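A.B. asks: First the structure, then my questions, so here it is.
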Amino acid sequence: MDWAEITIKIPTEYTEQAAAIANMAVPYGIYIEDYSDLEQGAEEIAHINLIDEDLLKSDRTHSVIHLYISRENNVKESTGYLTERLNACNIPHTLCEDNISEEEWESNWKQFFKCTEIGKRLCIRPCWEEYNNKDGRVVLSIDPGAAFGTGTHATTSMCLELLDEKVAPGMTVLDIGSGSGILSIASVLLGAESATGVDIDPVAVKVAKENAAINNMSNKTEYLVGNLNDKINDTYDIVVANIVADVIISLAKDVKNLMNEKGYFLCSGIIDIRAQEVEQALIENGLKIIKRVENNNWVAFLTCK
């Protein structure tokens with residue numbers, strides 16, 4: 001399969017806002033090059049102070065967002081949407097499109113995906129990486145494939161941290177917009193009895209099933225292709241949605257019908273400028289905010305009835 005690689009170069013101060021727009025265009029396949037805090041990031045994240053000389057020469061004033069779209073989809077529609085939204089938000093940008101093979105696509109983003117420890121119990125391990133599990137963490141091995149979703153983005157890591165806090169043995173979990181299956185698989189690895197994922201993208205469902213098999217969790221997970229209303233009739237102890245603000249606002253009207261009486265609704269994918277709007281929708285529809293988490297201009301909410 002051939003892919004279109006779309007790159008958007010923007011001043012670093014617009015990175016989070018532009019990334020939110022990019023996620024709405026292609027929510028399953030972006031990565032960001034941002035070297036504005038290279039030294040601090042190396043110290044805090046990788047615990048090193050020696051940095052490759054070529055990296056030190058990187059442009060610190062601009063970020064580059066990379067998106068990948070299958071040529072089987074309407075690439076021009078996506079680039080048109082991106083251009084329109086970036087212009088509407090007055091974000092200075094340069095947008096380029098290029099062809100890329102599947103092999104190039106995989107090698108391009110795999111170099112940015114490493115083992116990531118999240119919360120108190122969890123580690124996300126890409127299948128091609130070794131991990132020294134000295135702390136006895138629950139290890140989720142994943143090959144995101146075309147569905148992406150690696151746990152490294154702030155929205156996903158916040159969801160995983162909240163799942164780490166709330167998942168208990170015997171619980172049932174519903175993952176809306178399940179993507180690579182990372183949240184549903186993490187739930188059963190953390191002790192949930194079962195997890196169901198729903199996604200409108202058949203490629204995502206295929207990848208999620210493969211990731212469940214990698215973790216020997218096929219018997220505890222189920223993945224469905226289609227719209228939520230057509231596929232789900234049960235109620236769950238935890239409902240999680242890592243999508244975008246508009247979808248969460250729409251979900252707020254009916255999500256209580258998917259929750260058990262003492263269930264939780266956990267939502268993320270919310271850029272901070274939309275957080276108040278989402279919070280208001282949740283409260284107006286009878287949900288109580290238990291916890292609000294913020295990370296790199298993204299927000300997640302943990303709610304209950």
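Quick note: the coordinates plus some simple rules give every number you see, no bench work behind them. Computed from a predicted structure; not experimentally measured. Here the Cβ is made from the backbone with ideal geometry for all residues, glycine too, and neighbour counts use every protein chain on show.
A.B. asks: In terms of the Cα gyration tensor, with a ≥ b ≥ c the square roots of its eigenvalues, is segment 180-305 rounded because a/c is under 1.5, prolate because a/b exceeds b/c, or oblate?
C.D. replies: It comes out prolate by the Cα gyration axes.
A.B. asks: Express in nm, to one decimal, how much length is gained between K231 and E33 on full extension, taking 0.36 nm for each residue of separation and deducting their alpha carbon distance. Don't skip to the answer; put the middle values down first.
C.D. replies: Numbers: separation 198, 0.36 × 198 = 71.28 nm, distance 3.77 nm.
Additional length available on full extension: 67.5 nm.
A.B. asks: Could you pull out the pairs from K206/K253; K209/K231; K166/K305; K134/K220 whose alpha carbons sit more than 21 Å apart here? Walk me through the numbers before you get to the answer.
C.D. replies: Numbers: K206/K253 29 Å; K209/K231 17 Å; K166/K305 15 Å; K134/K220 27 Å.
K206/K253; K134/K220, as the Cα separations exceed 21 Å there.
A.B. asks: For a protection proxy built on the mean count of beta-carbon atoms within 10 angstrom, sort 290-298, 90-98, 60-68, 189-197 highest first, please.
C.D. replies: 189-197, 60-68, 290-298, 90-98
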